[in-house]
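Quick notes on the structure that follows.
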Amino acid sequence: MTSPPSGRQIPTALDHRIETAVGYSVEELRRHRDGGLLDAPHAALADAHRDLVVAERDVTFYRVRLARLATSELSVDQALFARINRTLAQLAEAADVRDTKQTAAAAVLEPIEAAAPRQAPRQIATKDVAALLAIAQGAKLHEHLVTHRLAVATPTRTRISYAQLQRLEEMGLVERDTAHPVQAGQPVTLTDAGRAVLTAPRRAGPPGTTPAPLPLAVPAVSRTHR
């Protein structure tokens with residue numbers, strides 16, 4: 001299997017939690033690990049995150065391969081169906097491995113989150129503040145019945161991708177009511193931390209660049225995304 005270049009950082013569902021807990025980026029965590037600068041718990045976290053990145057890269061590889069098969073100009077015959085089915089099976093296996101690695105990384109992360117000192121407020125991007133403002137007015141996550149694409153619908157028609165929603169969830173700013181099926185629409189609401197972001201004072205700056213402070217970090221509940 002040929003995966004994307006190893007030098008390219010693949011985002012994971014735990015990146016924001018890790019950065020909140022350690023106080024710097026996952027790229028810096030990896031550099032500190034390579035330089036032998038971490039204590040045992042943080043070194044274990046860096047190793048677990050590295051394994052998760054590799055597993056996430058494999059998921060991306062098979063997902064891209066499947067998309068290429070589905071949109072290619074190959075003859076629609078049994079050979080193509082066999083290749084698609086084989087790639088689907090490989091994607092499912094890769095996702096299972098990714099989920100296992102994510103659970104393992106979350107288990108290593110949780111004690112570090114619990115021991116992390118309360119830090120000064122971090123900053124979040126202006127686009128995330130805009131998404132929170134839209135969600136505050138009511139939002140639902142929908143799955144398209146034909147394409148199965150996930151998207152967040154808001155009264156203001158603010159564009160919120162599923163990836164952005166996942167990021168806001170991992171930051172502990174929003175939550176979904178999973179009791180409702182996504183086909184009918186899962187309500188998305190702000191958490192107390194999300195509301196605090198919208199009420200916190202903001203620094204002045206050029207339009208479109210002003211970040212908002214993120215409330216003091218609270219360990220998030222581990223979630224598994226497929």
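The values are calculated or read from the model by the stated rules, or taken from the named source; none is laboratory data. This is a predicted model, so every value here is computed, not measured. All Cβ positions, glycine included, derive from the backbone under ideal geometry; neighbour counts span all protein chains shown. These accessible areas exclude ligands, DNA and RNA; they are computed on the full protein's heavy atoms, side chains included. Shrake-Rupley method; radii C 1.70, N 1.55, O 1.52, S 1.80 Å.
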Criterion violated by Thr100 - all others in (1) under 27 Å from Asp51 (Cα atoms); (2) within 17 Å of the chain's Cα centre (by Cα); (3) open to solvent by less than 30 Å² (accessible area, probe 1.4 Å) satisfied: (3)
Qualifying residue in the range 152-167 (condition: charged (D, E, K, R), open to solvent by 50 Å² or more (accessible area, probe 1.4 Å) and not in a loop (DSSP other than H, G, I, E, B)): yes
Residue in the range 180-195 that is open to solvent by 40 Å² or more (accessible area, probe 1.4 Å), of a type in the set (A, V, I, L, M, F, W, C) and either modelled with pLDDT of 85 or more or more than 28 Å from Asp96 (Cα to Cα) (or both) present: no
Condition met for His148 (under 30 Å from Val54 (Cβ atoms), in a loop (DSSP other than H, G, I, E, B) and either modelled with pLDDT under 90 or among the aliphatic types (A, V, I, L, M) (or both)): yes
Criterion: in contact (Cβ under 8 Å) with a residue 60 or more places away in the chain, among the small types (Gly, Ala, Ser), part of a helix (DSSP H, G or I) and open to solvent by less than 80 Å² (accessible area, probe 1.4 Å) - qualifying residue of Ala106, Ala114, Ala130: Ala106
Search result, residues across the range 33-49 that are crowded, with 17+ Cβ neighbours inside 10 Å and part of a helix (DSSP H, G or I): Arg33, His42, Ala44, Leu45, Ala46, Ala48, His49
Cβ-Cβ under 6 Å pairs, at least 6 apart or on other chains, the range 56-80 side among the charged types (D, E, K, R) and surrounded by fewer than 10 Cβ atoms within 10 Å (Cβ to Cβ), far side at pLDDT 90 or above and not in a helix (DSSP H, G or I): none
When residues of the range 7-27 are limited to those that are within 28 Å of Arg63 (Cβ to Cβ) and free of Cβ contacts under 8 Å to residues at least 40 places away in the same chain, the one surrounded by the most Cβ atoms within 10 Å (Cβ to Cβ): Val26
Filter result for Arg86 (in a helix (DSSP H, G or I) and in contact with a helix residue (DSSP H, G or I) (Cβ under 7 Å, 6 or more places away or on another chain)): no
Pick from the range 148-179, criterion farther than 27 Å from Gln102 by Cα and of a type in the set (Val, Ile, Thr), ranking: farthest from the chain's Cα centre (by Cα): Thr156
Output for the range 81-97, where each listed residue is open to solvent by 80 Å² or more (accessible area, probe 1.4 Å), without any contact (Cβ under 8 Å) to a residue 12 or more places away in the chain and farther than 14 Å from Asp58 by Cβ: Phe81, Asn85, Arg86
